[in-house]
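Accompanying notes for the structure given below.
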Ligand SMILES: [Zn+2]
């Protein structure tokens, strides 16, 4: 479960973006509503659609979740053991 936020200020196209907690873009998003904890971003987006007509999930959050917490450039040091 992750904590999700939705921006209260829409983007140029009128879309409100949902971010998971820990997304770097959240720091640049002062106007936001805490949606609570959800198992997937899709659930959080669905909840946000109750508040706003146009909601999209953050691409950066989705990418981060797929790649996990791999921040090191040295891929050789983290082999399966
Ligand atoms: Zn995000």
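FYI, it's all coordinate maths here, none of it is from the lab. Computed from a prediction, not measured in an experiment: that's the story for all the values here. Counting neighbours? That spans all protein chains shown, and the Cβs are built from the backbone with ideal geometry, glycine included.
Summary of computed values
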{"read-out": "Volume in Å³ per residue [convex hull over Cα atoms, computed for the stretch 2-69]", "value": "77 Å³"}
{"read-out": "Share antiparallel - DSSP beta bridges, the stretch 2-69, percent rounded to 5", "value": "75 percent"}
{"read-out": "Ranked packing of 44-52, 21-29, most packed first, by mean Cβ within 10 Å", "value": "44-52, 21-29"}
{"read-out": "Extension gain from residue 40 to residue 59, taking 0.36 nm per residue of separation minus the Cα-Cα distance", "value": "5.5 nm"}
